Amino acid sequence: MRKNDRGPGYVQSIERAFSIIEMLKLHHELSISELGSLLSLDRSTVHRLLATLRHLGYAKQDRSTLKYSNSLKFFDIGNSALRSLGLTEAARPFMKELARETGEGVNLAVLESYCVIYIDKIESQATFRINLPLGNYMPAYCTALGKMLLSDLPEDEVRGVFQNCGEPGVRGRTFDHLKIRRYTANTPPNIDALCATLAQIRKQGYSTDDEEYIEGLFCVAAPVRNHSGAVTAAMSVALPRIVGVDIQEKRQEILEKLLPASQKVSLVLGYPA
């Protein structure tokens, strides 16, 4: 927020506290000096704000490194917000049915700060499982769910947000997910490739991820729309790439079940039939 936009009730300490929260979200774990440097704040100011956040249960400190991170209290708040939207409750019966019909894992995600957040999942019954933690921010440009959600945005907005980057991506490490890093050989290499893919998704009505983020994983995603027709969430089926299995034939089998399921959720959310 710019100084000119600050109203008469503006409280600078609250802005600074949320700046710390946002920075910890981005970097997962930081020391007082690191936070002070990143936010251009005095160590004493950072210390006081962290002490308050810790006392209230919103921040925690690692005893060995003395670094701070956000607590799971934010996850609880996020779940409460989702419950108020009715999204997970609307989707879960259809996710369970889809998982039963396909025998594969089913995921539900939303877009937040141009990143994808998994908000619910039904585990696969197969022995091959991928651990996709709920509540974690993940890159949207190289996941089926993320690309499905990004496809609802205007191309100029996507181009204004994402940046090309020559560095490789490493899962499990904190990166700026708005820079296009390559996690596998199939990750979209740049913004032009991403926009071309999103244009195709808009035409066909679904998205895929063929080992773009995790090698050996194939995903198909479909849109979940609200009453206005906007893509408010996306639902996907994730399955392993197995030698000898025709993945394109499998994709078509999945789509025949996934698209009706996502449509049913959309109807519950008020999307016109």
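Numbers at a glance
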| quantity | calculated |
| --- | --- |
| Residue that is in a helix (DSSP H, G or I) and more than 19 Å from Val268 (Cα to Cα), where the choices are Glu97, Glu101 | Glu101 |
| Residue check, Asp176 modelled with pLDDT of 95 or more, surrounded by fewer than 23 Cβ atoms within 10 Å (Cβ to Cβ) and assigned to a loop (DSSP other than H, G, I, E, B) | no |
| Number of positions in region 240-257 that are over 13 Å from Phe218 (Cα atoms) and modelled with pLDDT under 95 | 2 |
| Within region 208-249, considering residues that are within 15 Å of the chain's Cα centre (by Cα) and among the polar types (S, T, N, Q), the one nearest to Asp152 (Cα to Cα) | Thr232 |
| Residues satisfying the stated conditions in region 64-79, i.e. closer than 15 Å to Asn136 by Cβ and assigned to a loop (DSSP other than H, G, I, E, B) | Ser71, Leu72 |
| Residues of region 175-201 satisfying the condition of being in contact (Cβ under 8 Å) with a residue 60 or more places away in the chain and of a type in the set (D, E, K, R) | Asp176 |
| Of all residues making up region 21-63, the number that are assigned to a strand (DSSP E or B) and either over 18 Å from Ile77 (Cα atoms) or touching a residue at least 12 places away in the same chain (Cβ under 8 Å) (or both) | 3 |
| Where Ala273 falls short, out of the listed (1) touching a Pro at 6+ places or on another chain (Cβ under 9 Å); (2) not assigned by TED's automatic domain parsing to the domain that holds Ala99 | (1) |
| Pair list, Cβ under 9 Å, 6 or more apart: region 119-136 residue on the phi < 0 side of the Ramachandran plot, other residue modelled with pLDDT under 70 | Ile119/Asn79; Ile119/Leu82; Asp120/Leu82; Lys121/Leu132; Glu123/Arg129; Ser124/Ile130; Leu134/Asn79 |
| Scope region 47-90; condition within 15 Å of Glu22 (Cβ to Cβ) and either modelled with pLDDT of 80 or more or over 24 Å from the mean Cα position of the chain (by Cα) (or both); matching residues | Leu49, Leu50, Leu53, Tyr58, Ala59, Tyr68, Ser69, Asn70, Ser71, Phe74 |
| Test result for Glu211, in contact with a strand residue (DSSP E or B) (Cβ under 8 Å, 6 or more places away or on another chain), among the acidic types (Asp, Glu) and either buried (at least 18 other Cβ atoms within 10 Å of the Cβ) or not assigned by TED's automatic domain parsing to the domain that holds Asn107 (or both) | yes |
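Residue-by-condition table, conditions (1) out of contact with any helix residue (DSSP H, G or I) (no Cβ under 7 Å at 6 or more places or on another chain); (2) modelled with pLDDT of 90 or more:
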position	(1), (2)
Ile130	yes, no
Pro139	no, yes
Lys147	no, yes
Asp152	yes, yes
Asn164	no, no
Tyr183	yes, yes
Ala199	yes, yes
Pro223	no, yes
Met235	no, yes
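Okay, residues lined up against (1) out of contact with any strand residue (DSSP E or B) (no Cβ under 8 Å at 6 or more places or on another chain); (2) of a type outside the set (S, T, N, Q); (3) surrounded by 15 or more Cβ atoms within 10 Å (Cβ to Cβ):
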| position | (1), (2), (3) |
| --- | --- |
| Met148 | no, yes, yes |
| Pro154 | yes, yes, no |
| Val161 | yes, yes, yes |
| Ala185 | yes, yes, no |
| Lys203 | yes, yes, no |
| Val220 | no, yes, yes |
| Val231 | no, yes, yes |
| Met235 | no, yes, yes |
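The values are calculated or read from the model by the stated rules, or taken from the named source; none is laboratory data. This one's a predicted model, so the numbers in the text were calculated from it and none came from an experiment. Please note: Cβ atoms are built from the backbone with ideal geometry, for glycine as well, and neighbour counts cover all protein chains shown.
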